[in-house]
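All remarks here apply to the structure that follows.
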Amino acid sequence: MSSTISSSNTPSRMKIKPQISCPHCWHQFPTDQILFISESPDLLGDLKLGDVEQLRFLPYRFDLGGAALDAHGIACHKLACPNCHLQVPRPLLYTPSFFISIAGAPASGKSYFFASMIWKLRKIMPRDFYMNFTDADPTMNKRIREYETKQFTGNDDPNKPVAIEKTDIQGDIYSNTLIDGHLTLLAQPFSFTISPLPTYPFRNKAELVSQTVCMYDNAGESFLPGADHATQPVTRHLAASDAILFLFDPTQDLRFKNACKQEYKQPINDPQINSSLGGNVRRSDTNQSTVLTEMIARIKAHTHLAYNEKIKVPLIIVLTKLDAWFQLAKFPHYKKPWKQAKNIPINGYNISRVEDYSLILRRLLLDLIPDFVGIAESSVEKVTYIAVSATGSAPEVGEPDKDGKRPLLYRPANIKPIWVEVPFFHAQTMAGKYCVPLLSKKADK
Ligand SMILES: Nc1nc2c(ncn2[C@@H]2O[C@H](COP(=O)(O)OP(=O)(O)OP(=O)(O)O)[C@@H](O)[C@H]2O)c(=O)[nH]1
Ligand SMILES: [Mg+2]
Ligand SMILES: [Zn+2]
């Protein structure tokens, strides 16, 4: 079967991996157990997914091009996990996977950040690193494409104010399936492939840099204490991830907000800090230190770590909404952390610059919320602090909606993200993945 899958639309050089992890249920299985999704309209109904889904099957007939044939002789191309029956993006068969969890309290800025990060990576990877960053499966990434369109191009007019809606705890970014006979709700992964462009200078490293990245955007409520259930393991990706981005929102922390008010000479124009501006500002009722503690407890429980053992996967604390509290950070500058070095023909990632900023942010957090730093660093081996802004500016307060609430809105033409791609590069580097070349300290001089 392996040779059959490789023969159709994949360069012959790329070998099929012997084992893969499902990005929905994290079940690891030998690749020759992978199922196909039938395409004949008469083969509706699947044992695990219900009546409206196409039947999943283990093929035994193939056409001359190597595509699996379903019971009605129709060639099938989509693949599915043998455990949960959900669709597995094809590039996962050929390239190493890299799983990233995005965690954080409700309204901490996860969805805006996720959309900005992906939007920027699609641009920066080909332009600055000669790598392609693209959807592993466009249908599975429909939601993130919608976010990107809304946030950056606008559906018709880039000057028309828009908002990304709050992530729901149910709906089309979740899938219901039967696992061990129980109806189970799983979070939809978003997956992307990274592969070198023909202009990539290190062709012999092509296999090392190629990968499929899977990420998750949950509702903040799913990270709150008490929300982790065996039949709704929507945040179990935390235990399977190669890196975790925990989003901390300074505008939701009273100590941070007070420090901002003291630091800024003029009134701050963000309704999330300055309540006199009005607007329907969403906030988490649960303290963000508690959300971090809960996340750590879940990872330890599901990876069977002892209470005193530290988590080994890197943790990036992403401080969001930097535009609202930039002055407090007192950065000397905030330049992008990569540049063309003399000794390499493409840009190199300046890890030491990111670490210098991380120290500045760590000091600020130690001053304002030392308990948060304590929780992170006593439980995780590698912690880095990175400040970002998904939008680059404050939201404006819109006209009252039908419920009389005034929404927070952005005009796509005005959105200018700051450093949103850096947590991704850093997560990869910290996890020992070769995605972008590193700039040596000497080259940075
Ligand atoms: N000033 C500023 N506000 C932001 C930024 N990113 C998001 N926001 C605001 O933060 C609010 C919450 O953002 P979301 O991305 O929806 O937060 P979330 O973490 O996905 O929330 P849930 O889906 O409820 O978990 C929105 O009202 C945005 O206007 C930013 O970079 N700067
Ligand atoms: Mg969200
Ligand atoms: Zn699965």
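The values are calculated or read from the model by the stated rules, or taken from the named source; none is laboratory data. Computed from a predicted model, the values in this text were never measured in an experiment. Cβ coordinates were reconstructed from backbone atoms using ideal geometry, including for glycine residues, and neighbour counts include every protein chain displayed.
Things to note:
- Per the listing 62, 99, 114, the residue uniquely touching a residue at least 40 places away in the same chain (Cβ under 8 Å), in the same structural domain as residue 145 (by TED's automatic domain parsing) and more than 16 Å from ligand 1 (Cβ to nearest atom) is 99.
- Scanning the range 257-288 for residues that are out of contact with any strand residue (DSSP E or B) (no Cβ under 9 Å at 6 or more places or on another chain), in contact (Cβ under 8 Å) with a residue 60 or more places away in the chain and in a helix (DSSP H, G or I) gives 259, 260, 263.
Per-residue answers, yes or no, for (1) touching a strand residue (DSSP E or B) at 6+ places or on another chain (Cβ under 9 Å); (2) surrounded by fewer than 23 Cβ atoms within 10 Å (Cβ to Cβ); (3) at pLDDT below 95:
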{"residue": "58", "(1), (2), (3)": "yes, yes, no"}
{"residue": "66", "(1), (2), (3)": "no, yes, yes"}
{"residue": "69", "(1), (2), (3)": "yes, yes, no"}
{"residue": "72", "(1), (2), (3)": "no, yes, no"}
{"residue": "77", "(1), (2), (3)": "yes, yes, yes"}
{"residue": "81", "(1), (2), (3)": "yes, no, no"}
{"residue": "96", "(1), (2), (3)": "yes, yes, yes"}
{"residue": "102", "(1), (2), (3)": "yes, no, no"}
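- Answer residue from the range 143-192, given it is assigned to a helix (DSSP H, G or I) and not charged (D, E, K, R) and is farthest from the chain's Cα centre (by Cα) among those: 153
- A residue that is in contact with a Phe, Trp or Tyr (Cβ under 6 Å, 6 or more places away or on another chain) and either outside any loop (DSSP other than H, G, I, E, B) or farther than 27 Å from residue 435 by Cβ (or both) occurs somewhere in the range 82-95.
Let's see how each residue does on (1) in contact (Cβ under 8 Å) with a residue 24 or more places away in the chain; (2) under 23 Å from the mean Cα position of the chain (by Cα); (3) assigned to a strand (DSSP E or B):
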| residue | (1), (2), (3) |
| --- | --- |
| 373 | no, yes, no |
| 377 | no, yes, no |
| 384 | yes, yes, yes |
| 393 | yes, yes, no |
| 413 | yes, no, no |
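- Set side by side, the residues 389, 379, 393 differ, and just one is among the polar types (S, T, N, Q) and either outside the structural domain of residue 323 (by TED's automatic domain parsing) or over 18 Å from residue 268 (Cβ atoms) (or both), which is 379.
- Residue-level check: of (1) at pLDDT below 95; (2) farther than 29 Å from residue 191 by Cβ, residue 351 misses just (2).
- The sole residue among 196, 189, 158 that is in contact (Cβ under 8 Å) with a residue 60 or more places away in the chain, within 16 Å of ligand 3 (Cβ to nearest atom) and out of contact with any Leu (no Cβ under 7 Å at 6 or more places or on another chain) is 189.
- Only one entry of 116, 97, 111 meets the criterion of being within 14 Å of the chain's Cα centre (by Cα) and farther than 29 Å from residue 208 by Cα, and that entry is 111.
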